[in-house]
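Student: Would you mind keeping the following structure in view while I ask a few things?
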Amino acid sequence: MSVRFLSSGAALLLALSPMPAHAAACSSLPAEAGAQVDGFFAKLKADRAEAALDGILQTSPLWNNRAGAKEQLLAQMQAALKVYGAVTGVECVSEDSQGTMIVRQYWLAQHKDMVTRWEFDFMRAANGWQIGYFGFSDQLPTWF
């Protein structure tokens with residue numbers, strides 16, 4: 001169930017642990033940026049996929065203006081939760097940056113029957129850090 005979306009010329013590839021969600025592997029972003037991902041996963045673990053998605057979409061004017069994006073993303077998230085089970089934990093596994101304006105984080109989400117990898121690409125905008133892209137993948141062979 002690999003999920004891909006194309007939007008604005010860029011492919012959107014939709015991409016967990018008992019430790020605090022914003023773990024040391026993902027520590028270079030300011031607290032408000034990390035809080036976006038922490039809130040997303042807290043809602044997802046509480047079986048509130050739509051609220052989790054709304055929290056991400058509302059942080060970026062780019063996402064709010066993409067017609068149909070919410071419906072597509074929500075359908076894919078709900079399908080993954082139905083097939084793989086609830087998210088029980090999250091873990092940040094890597095972080096990389098491009099200069100001082102772009103940071104990419106990869107997170108693993110532990111489901112009952114699977115692990116999915118989530119990607120969050122943050123961009124520093126005039127009004128603070130925003131998620132410019134996010135998604136998940138269940139294609140383990142492509143992760144290495």
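Every read-out reported here was derived from the displayed coordinates using simple, explicitly stated rules and does not represent laboratory data. Every value quoted in this text rests on a predicted model; they were computed, and no experiment measured them. Using ideal geometry, Cβ is built from the backbone for each residue, glycine included, and neighbour counts are taken over all protein chains shown.
Student: Once you list every other residue whose beta carbon is under 14 Å from the beta carbon of S28, what net charge do they have if Lys and Arg are +1 and Asp and Glu are -1?
Tutor: -2
Student: Moving on. How far is it, in nm, from the label point at Q58 to the one at A46 when both lie 7 Å from their Cα along the line to the Cβ?
Tutor: With each label point 7 Å from Cα toward Cβ, the separation is 1.2 nm.
Student: Extending each Cα 7 Å along its Cβ direction at I102 and T142, get the distance between those two points in nm, one decimal.
Tutor: The answer from the label model is 1.9 nm.
Student: A further question on this structure: Taking each pair of distinct Cα atoms in the range 50-144 once, what is the resulting Kirkwood hydrodynamic radius in Å?
Tutor: Averaging 1/r across every pair of different Cα atoms and inverting gives 14.3 Å.
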